[in-house]
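**Student:** Here's a structure for you.
The values are calculated or read from the model by the stated rules, or taken from the named source; none is laboratory data. In this text the structure is predicted, and so the values were computed from the model without any measurement. When we count neighbours, we look across all protein chains shown, and the Cβ atoms used for this are built from the backbone with ideal geometry, even at glycine. Side chains included, ligands, DNA and RNA excluded: accessible areas come from the protein's heavy atoms. Shrake-Rupley method; radii C 1.70, N 1.55, O 1.52, S 1.80 Å.
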Amino acid sequence: MNGRPGPAPYARFVPSDIPVLTSTPARADHAVRAAGRALARLGRSDLGGHLVLTAGHDGPSGDPAAQERAVARAVEHALRHRPPGPPPVRGAPAAPAPPD
């Protein structure tokens, strides 16, 4: 080890109404559990989603604590910017305009 910290972990979370958590890379069990804890802490354990973990060009970080913080931030960010209500259905007709 050269004494320099490794690349900072980065996580992106895409929430889903289907209560299943998945990740890329697929075997990121620690990070998936961290996402579940973050959702529960925010009172949204009814949600699931997909977690994407990266750290620069070197892949996910080897520091579990840093990765957990990145995951928590990603979950919070995704829920803050999630529009209310169910997602629009593809191919569904647009809602009619309200009458004047």
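**Student:** Kindly indicate whether Gly49 is modelled with pLDDT of 85 or more and on the phi > 0 side of the Ramachandran plot.
**Tutor:** yes
**Student:** Any residue in the range 10-29 that is under 22 Å from Ala65 (Cβ atoms) sitting within a Cβ distance under 8 Å of a residue that is open to solvent by 60 Å² or more (accessible area, probe 1.4 Å) and among the charged types (D, E, K, R)? List the pairs, counting only those 6 or more apart or interchain.
**Tutor:** Sorted first by the residue in the range 10-29, then by its partner, the pairs are Ala11/Arg73.
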